[in-house]
Amino acid sequence: MSRVAGQFPHQMLGLPTLNKQVGTDGTVGKALDILDIVVGFARAVRFSELLEVSPYPKATLHRILQTLTNQGMLSLDPDRHTYSPGMRLVRIAHHAWNQSSLAPLAEPFVTSLAADVGETIHLAQMENSRVVFVDKHSPPDGFRTMAQPGRRSPAHCTGVGKVMLAFMDADKRDAAIERQLFEPFTPATHQTRETLLPELEAIRKDGIAFDREEHERGIISIAAPIFGGGDYVIGSISVVTSTLKMSLNEIEKFRPALLRTATQIGSEASVWPYPLAQ
């Protein structure tokens, strides 16, 4: 596999970026790392493909895959020799989604916003300092973005991520920034906390954040925080479009509808036992 300068195989495939201290949580941590990678392929995947992006040696990877398969967390196709999510993992994910995701609660508001603006809408939450996209609505003729429900992305280079960072309390924000790897996805990506921090302060003052082609070339967005019961940020929502359609100045027109929708979702979530952004 040929690499783009500055990118590793997991980045080229759009897979989750693992923590710098990968594997420090023992066997359970390693197993979760491998589950992340398998699910990140979004298709059945061969052992050789996993080995290429795995941080673990061949024998360790094989042992973890065997355990996950025995436990029903992964399924092995004996004919094609490929791994995919197992039914036990699917059941767990389904129950977790209904209990901790903003998506079911926010769905009517996200759908309404998508219809109003005619652009792609992303709904996101923060988990372990990374953005988790929990819903996405695109118009029939919409363009494709890397963000898909269930996908994790860095917070330092996405509109939904930056706006959640900006409105976290100071201690949580500092801890989350410390965990960012500052991958340079495009020339516009923040590569240090020193450049990110002034923008986060500006976002707190302005109330919204922009993605200026920081995660994907040609993709821009305007994002707003979602507060649930007080000043605690529990998620974020964005209107996403392409630079082929409009400019950053032009997407400013979506601000009123975006903020109104964020407020509606927050009001609905005021009695929801939400997990705080972390």
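Derivation of every value follows stated rules applied to the coordinates shown; laboratory data play no part. Fair warning: this is a prediction, and the values are worked out from it, not measured in the lab. Positions of Cβ are generated from backbone atoms using ideal geometry, with glycine treated the same way; all protein chains shown enter the neighbour counts.
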Query - Extension gain (nm, one decimal) between Lys245 and Asp36, 0.36 nm per residue minus Cα-Cα - result: 71.9 nm
Report summary line: Rounded to the nearest Å, the spacing of the alpha-carbon centers of the range 160-229 and the range 37-74 is 32 Å
Query - Net charge over other residues, Cβ less than 12 angstrom from the Cβ of Ala170 (K, R count +1; D, E count -1) - result: -1
Requested in this report: Pull out a ≥ b ≥ c, the square roots of the eigenvalues of the alpha-carbon gyration tensor of the range 173-278, then state rounded if a/c is under 1.5, prolate if not and a/b is larger than b/c, and oblate in the remaining case.
Outcome: oblate
**Report entry** Using a Förster distance of 25 Å, the FRET efficiency for Ala188-Ser138 (Cβ separation, nearest 0.05)
**Finding:** 0.65
